[in-house]
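Asker: Here's a structure for you.
The values are calculated or read from the model by the stated rules, or taken from the named source; none is laboratory data. Please read these numbers as outputs of a predicted model, since none were measured by experiment. Counting neighbours? That spans all protein chains shown, and the Cβs are built from the backbone with ideal geometry, glycine included. Side chains included, ligands, DNA and RNA excluded: accessible areas come from the protein's heavy atoms. Shrake-Rupley method; radii C 1.70, N 1.55, O 1.52, S 1.80 Å.
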Amino acid sequence: MKVDELKNVCVVGAGNMGHQISLQCALFGYKTVVTDVVPAVLEKANQFVDTYLAGRVQKGKLTEDAAKKARGLISFTGDLQEAAKDADLVIEAVLERVELKRKVFADLDKFAPAKAILATNSSMIVSSKIADVTSRPSQVCNLHFFNPALVMKLVEVVQGPHVSDETAQCMMDFCLKIDKVPILIKKEVDGFVLNRIFGAISREAQWMLEYGVASYEDIDKACVYGAGHPMGPFRLNDLTGLDLSYDIAMGHFQESGNPADLPTPSLVKKVVEGKLGQKTGEGWYKYK
Ligand SMILES: NC(=O)c1ccc[n+]([C@@H]2O[C@H](COP(=O)([O-])OP(=O)(O)OC[C@H]3O[C@@H](n4cnc5c(N)ncnc54)[C@H](O)[C@@H]3O)[C@@H](O)[C@H]2O)c1
């Protein structure tokens, strides 16, 4: 598919990432249908659209007309089949579990038109671990947005060995259309480019905390005031979700069998206590 043929987007999963990816698509003129299995999540995402657009208009960042247009282009449904039926591009943003993603992609292959590109926003899971459940592996790729997706410019397009040049090019062009900065990753590696770099920093930070080298506040200060990062790894972890870090670490461990890949005991404790970061009001830090 060429990017000019791409008109309709479907986003599966309206959580942390999905609700913002979908709004970004609508803001740049794409008819976007969002779906989730939890009605309350869909309702929250729907309300977010109103709050966000009103805020942008109030700050003079968006005209009333543009806000109205975006509002008219985005819709929500709990029915995956309904959401995917006219899609040219599906962006999957469900939990970071490979079996769940494989099930969602098998369903999408049945429901989305044959020409549609099926992309996963996964942080770590390469699309070749998913593409074989579909009848169109050359149209299945990674399209990795960063959090918060309305703000962060980078998107990683990962062209696994099964992905056609046409699909990869279409995704690179699509990113430009929605005002993002795409990079093409030509080999499948877990974590792609940026999460491999930040994963290394985050792992080091977590184990330094575990061994009592420094507090999480001081480790964050080191990165902010010494390395010029906008926030430290623990603050960033609160933004992205401690449950996601847990899932990623477990995924690594299951593949490598190396105990050094396991989530640290402090991280496990937080997750067990339901302290998942900003979304639950507490992670490493507390939020009002
Ligand atoms: N959080 C981040 O910072 C971040 C950044 C980049 C990429 N990602 C990736 O994006 C994906 C989503 O992460 P998130 O942080 O938004 O997770 P999240 O937990 O906030 O949202 C996931 C949503 O998926 C929904 N869901 C679960 N099963 C579903 C199904 N079968 N059909 C439809 N919806 C379903 C859940 O109800 C939930 O609302 C993951 O693969 C993650 O690795 C996350």
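Asker: Of all residues in region 246-275 being at pLDDT below 95 and within 21 Å of the chain's Cα centre (by Cα), which is least open to solvent (accessible area, probe 1.4 Å)?
Answerer: The residue in question is 249.
Asker: Got a sec? Which of 129, 103, 115 is among the basic types (Lys, Arg), within 10 Å of the ligand (Cβ to nearest atom) and modelled with pLDDT of 95 or more?
Answerer: 103
Asker: How many of the residues in region 231-288 are touching an Asp or Glu at 6+ places or on another chain (Cβ under 6 Å), charged (D, E, K, R) and over 21 Å from residue 215 (Cβ atoms)?
Answerer: Total meeting the criteria: 1.
Asker: Among (1) acidic (Asp, Glu); (2) touching a residue at least 40 places away in the same chain (Cβ under 8 Å); (3) within 16 Å of the ligand (Cβ to nearest atom); (4) open to solvent by less than 30 Å² (accessible area, probe 1.4 Å), which single condition is residue 88 missing?
Answerer: Checking residue 88 against (1) acidic (Asp, Glu); (2) touching a residue at least 40 places away in the same chain (Cβ under 8 Å); (3) within 16 Å of the ligand (Cβ to nearest atom); (4) open to solvent by less than 30 Å² (accessible area, probe 1.4 Å), the one that fails is (3).
Asker: Within the set of pairs 6+ apart or on separate chains, which have a first residue in region 216-230 that is not assigned by TED's automatic domain parsing to the domain that holds residue 205 and hydroxyl-bearing (Ser, Thr, Tyr), a second that is open to solvent by less than 60 Å² (accessible area, probe 1.4 Å) and not in a helix (DSSP H, G or I), and C-beta atoms under 9 Å apart?
Answerer: Filtered contacts from region 216-230: no entries.
Asker: From the set of residues in region 1-23 that are open to solvent by 10 Å² or more (accessible area, probe 1.4 Å) and polar (S, T, N, Q), which is nearest to the chain's Cα centre (by Cα)?
Answerer: 16
Asker: Let me ask another. Which one of these is assigned to a strand (DSSP E or B) and either closer than 16 Å to residue 120 by Cβ or of a type outside the set (Val, Ile, Thr) (or both): 156, 188?
Answerer: From the options 156, 188, the qualifying one is 156.
Asker: Where residues in region 29-61 are in contact with a strand residue (DSSP E or B) (Cβ under 9 Å, 6 or more places away or on another chain) and acidic (Asp, Glu), which of them is least open to solvent (accessible area, probe 1.4 Å)?
Answerer: Within region 29-61, the match that is least open to solvent (accessible area, probe 1.4 Å) is 36.
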